[in-house]
Each structure stands twice: as C-alpha cells, then as structure tokens.
Amino acid sequence: MSRSPVAVWCLALAAALGACSGAQPPGDDGRDAARRSPSGRASPRGEGGDLSSLRLALRPVTRGLDTPVFATAPADDPRLFVVERGGRVRIVARGRLAARPFLDVSDRTRTDGEYGLLGLAFHPGYARNGRFFVHYSARANGATVLAEYRVSDDPDRADPGSGRTLLRVPQPAPNHNGGMLAFGPDGMLWLGLGDGGGGGDTYGNGQRPDTLLGTLLRLDVDTAGADGGRGYAVPPDNPWADGGPGAPEVWAYGLRNPWRFSFDRGLVYIGDVGQRAWEEVDVARADRAALNYGWPVTEGRHCYEASECDTTGLTAPLVEYSHDTGVCSVIGGYVYRGAAIPALRGHYLHSDLCAGWVRSFKVAGRRAVQRRDWTADLGRPGTVLSLGRDAGGEVYLLTAEGALLRVVARGP
C-alpha cells in the first residue's frame, strides 16, 4: 500500500531520528548572562506549585496545516508563526490561519528524506529591525542553509527579496539535519545540526568539533561583516574562536540529532534523538562552552555498542528513556512560563514522535524532579512533530496530521 508524503516523511524521521558516563549535567546557579533574549528572560511570575491536582487538556487552535514542524513568535507579538516543512511560514492570529503565507521559500527547499524548512527564529529586536532567520535544506543538494530575511512594509508579509545566505553546510545524507534556530540568553543565534546522517555516526562527525555537524553553533548576527562579510561574526568567547581543535562557530558537540532545543533561565535544554535504544534530554548551563554530549561514545547514559567506554569529560543527559517502551525519537520542548497555568511554571514539556505522549519534569540542581506523564489527561494527540511557544510563554503541539494544539488547564 502506498503512503502519503507526510506518512513517508514521518516514518523516515522515526527511523533516522529514531551514556555510561561519569559526568553529570550542571544545574542552574541562578545567574543569567548579561545579554538576554525573550527566550532566556527570567519570568517575574515565579515557579509552579504542586501538580497533584492539575489536569491538562489540548485546545485545537487551527487545523489544515501542511506538515507543521515548528511554531514561534517575536517578542510581545500576539501572532503565532507556524513553519511548514514544504517551505512556507504561516501566521495564526486570533485562532485563524491566514491564507497568504508570511514567507514562501518552497521553490528553494528540498523535502525528500528529512529535508525541508525546519527552523525559524526572530531577532530579539524584531519589532525595531524586522529581522528573522530560517533554516532550510537547499533544493539542489540538501545542504543546510541559514538565511536572513526582513519583514516588508506589510507586517504580515516578509520581503522575499531581502533574503541572504549566511551559512551553508553540506549534508552527506538526507537525515539528521537538526533544524532548530533560537536566540540564546546571550543574544547570540544558536543553530543545531545532526551528525550527517546514516546510522551509528556513519561519517564519523560526532566526536569531531572541527566539523559543523553534530554540534550546536553559536553566531553573532549583530556584528555583520566582521568575519569576512558572511553576515555573522564568531563570538570571541566561543571555545575555538581563536583556533584549536574545533571550528570557530562550534559551541558544543557530541550530538546525534538535536531536533529541538530551547533556553530557560540560563539553561539550555536539548532533545537529542537516539539511535536504537535510548532517547535523551540534555540540560546544561548555556554559558558552559565546549561541552561534549557523548555521541557516539554514549547513547543516553550508556556506552554505544560496547560493554565499556571512556566517558571522561562527557556531559551526561539529565533525563533518558528506553525504546523498550515503544518510543523512537524525542521531541524536545519548552519550560512553561505562561500565565494561564500557574502550577505548571518552571516545568519542561517534551514529547516523542512514535509514542505521542507529553511528559514534563522540573530541574532542581542536578536532578530532574516532579516527573509527570500527562497521557491520562491528553491522550495521544497524533504524531507530534514539534512543540512551539508563543510570546506569552504558552506551549503548543504540532502534529503530522496538520493540527496546532494549545496546552491548557482542564476545568473542574
């Protein structure tokens, strides 16, 4: 039986997306970096309370989206911008999906395998400068393209002629493209890339910080031209900015496929997709440079395809879960900071591509506490491709079935 393109892509994602370690992930010491974006800003509302009496539900916002893989918003903007893998960014305003796309790069985006338009990030000063950034796969060869665009005079339309390529990274295989873009609490633009694809680190990139694959990149897009006219500069505090064993753009490495990551109160949360046995969520201080997350020496906290391994210097995940429970690919999410569900504040929500559940935990020092599975409340909403967050800190699910769903508190 033939399958729809969406079904084929989801199966490919599940197959390809989806640590015996002495090191432990560092906890939050309460200090934020001096430069902050809305994604890293501390919330004045405080932390959540007891979850024992809280019940959640999913409220449909809109349907009919075409493989929605991400949702985000500029600071203080009531609209939600939804990324469709085929190459369009759609606007949802007051619960209605605009017919005309905000941006359409479908003519330059490749969509077979795990390729596509995969990431979107608005500049912290978007209200002033109209700048935003996208991550898509080049139609010609699947290379990862980081491009900058600007909004037009119409606030609901990007200027298609404003696009310029800042970075192009060749991809040796159609899987493990990463996809996430986000401004960190330091004001820098972070980009996650997978290990180059195949399986078991076929191309040997996981433990090579000199390649841009299998890494988190950290770029200064506000000092354009300082680095050869490329439209970004290498931050001087990047670990290999002045040379060394790593590429100047690399901040961290040892990642298999960091499909989604996010920031909260000086921490970075990374959902790194496992190979065949373990899924993991890494949590580390965002100001800690040159961290090695272990792949392919480790998968989760376990030695990968070895009875023992040298884990010296590796950063272990805070949370892992086994494929024995029917999961396949972690979908990294967000710490809830919205106003609508006070008890949930400070809790990190995430999902899994195959299992379809929503779970949460809270970081306390070096531990994940108050771990909760919300399946009894939310059921399995479909094939969850990503979580998203609006400017007010409310959290959403996006499904392969074309739905945008908001996480809400269930009434008595």
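The values are calculated or read from the model by the stated rules, or taken from the named source; none is laboratory data. If you're wondering where the values come from, they're calculated on a predicted model, not measured in any experiment. Quick reminder, even Gly has a Cβ in these numbers, built from the backbone with ideal geometry, and neighbours come from all protein chains shown.
In table form, for the structure just shown:
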{"quantity": "Filter result for the condition that a residue is of a type outside the set (S, T, N, Q), part of a loop (DSSP other than H, G, I, E, B) and at pLDDT below 95, over Asp66, Asp50, Asp77", "calculated": "Asp50"}
{"quantity": "Enumeration of residues in the stretch 375-393 that are under 19 Å from Leu51 (Cβ atoms) and either in contact with a Ser or Thr (Cβ under 6 Å, 6 or more places away or on another chain) or surrounded by fewer than 21 Cβ atoms within 10 Å (Cβ to Cβ) (or both)", "calculated": "Thr375, Ala376, Asp377, Leu378, Gly379"}
{"quantity": "Only listed residue being crowded, with 18+ Cβ neighbours inside 10 Å and among the β-branched types (Val, Ile, Thr), chosen from Val408, Val319, Val369", "calculated": "Val319"}
{"quantity": "Count of the stretch 309-321 residues which are assigned to a strand (DSSP E or B) and over 16 Å from Val281 (Cα atoms)", "calculated": "0"}
{"quantity": "Residue within the stretch 217-232 that is farther than 26 Å from Val83 by Cβ, in a loop (DSSP other than H, G, I, E, B), touching a helix residue (DSSP H, G or I) at 6+ places or on another chain (Cβ under 8 Å) and among the hydrophobic types (A, V, I, L, M, F, W, C) present", "calculated": "no"}
{"quantity": "Matching strands (runs of 3 or more DSSP E) fully within the stretch 323-397 where at least 3 residues are of a type in the set (Phe, Trp, Tyr)", "calculated": "none"}
{"quantity": "Test: Thr211 is closer than 22 Å to Glu148 by Cα and polar (S, T, N, Q)", "calculated": "no"}
{"quantity": "The lone exception for Ala57 - which of (1) surrounded by fewer than 22 Cβ atoms within 10 Å (Cβ to Cβ); (2) modelled with pLDDT under 85; (3) within 26 Å of Val384 (Cβ to Cβ); (4) not polar (S, T, N, Q) it fails", "calculated": "(2)"}
{"quantity": "Unmet requirement for Ala306, which otherwise passes all of (1) closer than 26 Å to Ser53 by Cα; (2) among the aliphatic types (A, V, I, L, M); (3) in a loop (DSSP other than H, G, I, E, B)", "calculated": "(1)"}
{"quantity": "Qualifying residue in the stretch 207-218 (condition: surrounded by fewer than 21 Cβ atoms within 10 Å (Cβ to Cβ) and in contact with a Lys or Arg (Cβ under 9 Å, 6 or more places away or on another chain))", "calculated": "no"}
{"quantity": "Residue within the stretch 146-158 that is within 21 Å of Arg256 (Cβ to Cβ) and out of contact with any helix residue (DSSP H, G or I) (no Cβ under 7 Å at 6 or more places or on another chain) present", "calculated": "yes"}
